[in-house]
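K.L.:
One structure is given below, represented as structure tokens, and several questions about it will come after.
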Number of protein chains: 2
Amino acid sequence: MYKQTIVIRADLKMGKGKIAAQSSHASLSAYKKVSKNHPDIAKAWEQEGQMKVVLKVQSEEQLFDFFQKAKDAGIPAELIRDAGHTQIDPGTVTCFAAGPWNEKELDSVFGGLKLL
Amino acid sequence: MYKQTIVIRADLKMGKGKIAAQSSHASLSAYKKVSKNHPDIAKAWEQEGQMKVVLKVQSEEQLFDFFQKAKDAGIPAELIRDAGHTQIDPGTVTCFAAGPWNEKELDSVFGGLKLL
């Protein structure tokens with residue numbers, strides 16, 4: 001089984017629509033990376049129904065920490081900086097998406113985080 | 001300018017994480033459709049920064065109504081049914097994404113809807 005994990009900063013107090021847009025941005029960016037470098041995984045994930053899990057962290061530091069952990073584990077991940085048109089300052093790092101990737105490998109990195 | 005419009009049912013009382021996952025699903029599905037049939041538009045949208053707007057409707061009927069309006073206007077759109085693992089019943093229609101597409105054409109269809 002494959003899934004995609006999206007990790008969002010809960011400390012920014014973004015509204016639901018903002019979170020949805022940032023999450024979609026991360027999801028698409030990471031998908032494109034996997035699709036390019038691991039097309040078999042991207043395809044399998046789509047055929048399985050595009051499973052996604054959205055988790056939360058409480059600070060920029062924690063977001064960077066888990067982003068680095070994903071990188072260290074060899075999981076493709078894409079960090080999103082907001083353009084800052086609304087709600088938060090330009091350039092603020094809001095979230096990242098990791099995968100689609102092997103579910104167990106994702107869980108070994110992100111298993112300690114709670115659902116948003 | 002191009003953008004992608006995501007329309008979400010606010011009547012389902014989905015949590016933030018659920019909304020983020022459904023929105024990401026819709027965004028990616030519609031992007032893939034546009035990327036296949038209108039690759040120039042998909043590419044331009046990405047180069048412009050992947051602008052996304054997340055709007056809300058208050059019922060399934062209203063969601064279908066606006067989905068049909070997008071289709072009638074020739075705008076590629078993808079409807080999402082939830083697999084129902086969490087929070088809501090399997091097969092529930094939760095949202096759709098339209099585009100990326102010309103901003104003005106999207107506004108002419110969705111201009112009356114409010115931000116989520």
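The values are calculated or read from the model by the stated rules, or taken from the named source; none is laboratory data. Just so we're clear, the structure is a prediction, and the values are computed from it rather than from any experiment. Virtual Cβ from ideal backbone geometry, glycine too; neighbours counted across all protein chains shown. The area values use the complete protein model at the heavy-atom level, side chains included, leaving out ligands, DNA and RNA. Shrake-Rupley method; radii C 1.70, N 1.55, O 1.52, S 1.80 Å.
K.L.:
For B:L115, place a label point 7 Å out from Cα along the Cα→Cβ vector, do the same in each other copy, and report the separations in nm, one decimal, smallest first.
P.N.:
Those label-point separations list as 2.8 nm.
K.L.:
Divide the volume of the convex hull of the Cα atoms of the stretch B:1-54 by its number of residues and quote the answer in cubic angstrom per residue.
P.N.:
72
K.L.:
Using a 10 Å cut-off on Cβ to Cβ distances, tally the other chain neighbours for every residue of A:8-21 and report the average as a whole number.
P.N.:
Per residue, the number of nearby Cβ atoms from other chains is 5 on average.
K.L.:
Inter-copy label distances at B:A44, 7 Å along the Cα→beta-carbon direction, one decimal in nm, shortest first?
P.N.:
Ordered by distance, the counterparts are at 3.8 nm.
K.L.:
Excluding ligands, DNA and RNA, what is the accessible area buried between chains A and B, summed over both sides, using a 1.4 Å probe, to the nearest 100 Å²?
P.N.:
Adding both sides of the contact gives about 1800 Å².
K.L.:
Which helices, counted as full DSSP H runs in chain A, have an axial Cα extent of no less than 20 Å and a Kyte-Doolittle average of -1.0 or above?
P.N.:
Helix filter hits for chain A: A:16-37.
K.L.:
How many Å² of accessible area per residue for the stretch B:2-115, probe 1.4 Å?
P.N.:
46
K.L.:
For the protein assembly as shown, what is one quarter of the convex hull surface built on the Cα atoms, given in nm²? Write out the running numbers ahead of the final one.
P.N.:
Values: hull surface 46.2 nm².
About 11.6 nm², averaged over all directions.
K.L.:
Find every distance from the label point of B:K13 to the corresponding label point in the other copies (7 Å from Cα along Cα→Cβ) and write them in nm, one decimal, shortest first.
P.N.:
2.6
K.L.:
I've got another one for you. Quick check: the distance between the Cα centres of the stretch B:50-116 and the stretch B:1-38, to the nearest angstrom?
P.N.:
Centre-to-centre distance over Cα atoms comes out at 7 Å.
K.L.:
Where both partners of a DSSP beta bridge lie in the stretch A:2-115, what percent of those bridges are antiparallel, to the nearest 5?
P.N.:
Working: 13 of 19 bridges.
The antiparallel fraction comes to roughly 70 percent.
K.L.:
Dividing the Cα radius of gyration by the Kirkwood radius, what Rg/Rh value follows for chain A?
P.N.:
Details: Rg = 13.3 Å, Rh = 14.0 Å.
Using Cα coordinates only, the ratio equals 0.95.
K.L.:
Kindly work out what percent of the DSSP beta bridges joining two residues of the protein assembly as shown are antiparallel, to the nearest 5.
P.N.:
70
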